[in-house]
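These notes concern the structure reproduced below.
The values are calculated or read from the model by the stated rules, or taken from the named source; none is laboratory data. Bear in mind that the values here come from a model prediction, so they are computed numbers and not experimental data. Because the Cβ atoms are built from the backbone with ideal geometry, glycine has one as well, and the counts that use them run over all protein chains shown. SASA here: full protein model, heavy atoms, side chains in, ligands and nucleic acids out. Shrake-Rupley method; radii C 1.70, N 1.55, O 1.52, S 1.80 Å.
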Amino acid sequence: MESVPVIAIRYKAKYGHFRKPYSNVSSLTYPFPPRPAIAGLLGAILGIKKDDVSEFSQEKNMKVGVEIEKEIKTITHVTNFRQDSSGDVDYSIKISKKEKLPKPLKRIPASNTATQIPMELLRDPSYILYVNLTDRMDELKSRLKNERSVYTPCMGLSEFLAKLEYISEDVATFLDPGEREISTVIAKDDCSLVFKKITSDKRYNIQELKVPHIGDKERKFSYKSYVINMAVSPIPVNMRGNSYQFEKKNITFL
């Protein structure tokens, strides 16, 4: 497989939130930005239209890896929400043939009422993104260096403004299958853990997560399982493929 040019970007903020769609009462967060969120971030930097982001983020057009730079820490914040007005909607049931008057619903959705939802937030999140694009790499590099994003970058939610720092640019060299220590989040299907090298100290807090992978214009997503170390340490694994050497680190793409 070919080597690919890669730009390394530091992506950090005071707080962040990447909502797990299956969370209900409490709004939980993924510990790292999923691929669709990174596609939106790069789209904000380059000024890509919302309807074009899904095509831009396809694997043939974008490769991205995520390294956790700081240990994952979260807090729970109770957030105030307010039910927006539903507009001029008739919530009555359709008139039946036997009755002259419609029956009103017993529970009409509340309008302009407050509610509080516990929200899990990432605290001081910091990641290193390894990005390869088939097009507009030079523009991405220029905008990062000059801090000239088209739209404001954020850490998941628009309320959490993010800081982007250009780190370096180099060629990522494809590695043959074998035992490696990988610095990034790894697709589960691409690896198996080397348990003899995983000790019980604080360097390892390895978890498996199912995370959105590819989305379309209708916001329908495919999902993929990943292996992640919540502590800041490379993961010892046997790689089956999709691993690269970038400078002194071994990385994979989501």
Legend entry - Under 16 Å from the Arg19 label point (7 Å along Cα→beta-carbon), backbone N, segment 148-179: 155-160
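Length gain on complete extension for the stretch Lys141 to Val78, per 0.36 nm per residue less the alpha carbon to alpha carbon distance? Don't skip to the answer; put the middle values down first.
Numbers: separation 63, 0.36 × 63 = 22.68 nm, distance 3.80 nm.
Extra length available between Lys141 and Val78 comes to 18.9 nm.
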Inset, instruction - From largest accessible area down, sort His77, His213; use a 1.4 Å probe on the protein chains. - result: His77, His213
Legend entry - Cβ-defined net charge surrounding Glu247, 13 Å radius [Lys, Arg +1; Asp, Glu -1]: -1
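Cross-link list Lys63/Lys248; Lys163/Lys220; Lys14/Lys145; Lys145/Lys217; Lys50/Lys248: which exceed 24 angstrom alpha carbon to alpha carbon?
Numbers: Lys63/Lys248 19 Å; Lys163/Lys220 29 Å; Lys14/Lys145 21 Å; Lys145/Lys217 30 Å; Lys50/Lys248 36 Å.
With Cα atoms farther than 24 Å apart: Lys163/Lys220; Lys145/Lys217; Lys50/Lys248.
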Legend entry - Length added when fully stretched, Asp201-Glu165, from 0.36 nm per residue minus Cα-Cα: 9.8 nm
Inset, instruction - Give me the aspartates and glutamates in straight-line cross-link reach of Lys188: C-alpha distance below 13 Å, same-chain residues under 8 apart excluded. - result: Glu208
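Determine the order of Glu218, Glu181 by accessible area, beginning with the largest, at a probe radius of 1.4 Å. Can you show the working numbers first?
Numbers: Glu218 125, Glu181 90 Å².
In descending accessible area the options line up as Glu218, Glu181.
Which order do you get for Lys217, Lys63 if you rank them by accessible area with a 1.4 Å probe, largest at the top?
Numbers: Lys217 135, Lys63 45 Å².
Of Lys217, Lys63, the descending order of accessible area is Lys217, Lys63.
Per DSSP H run of n ≥ 4, the term is -39500 (n - 2.57); total these for the chain, divide by its residue number, and report the mean residue ellipticity at 222 nm rounded to 500 deg cm²/dmol. Don't skip to the end; give the middle numbers.
Details: 3 runs with 26 residues, N = 254.
Rounded to the nearest 500, it is -3000 deg cm²/dmol.
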Legend entry - Net charge, Thr76 excluded, C-beta distance under 13 Å - Lys, Arg +1, Asp, Glu -1: +1
Inset, instruction - Between Lys220, Lys20, Lys196, find the one with the highest GNM mean-square fluctuation for the chain; connect C-alpha pairs within less than 10 Å. - result: Lys196
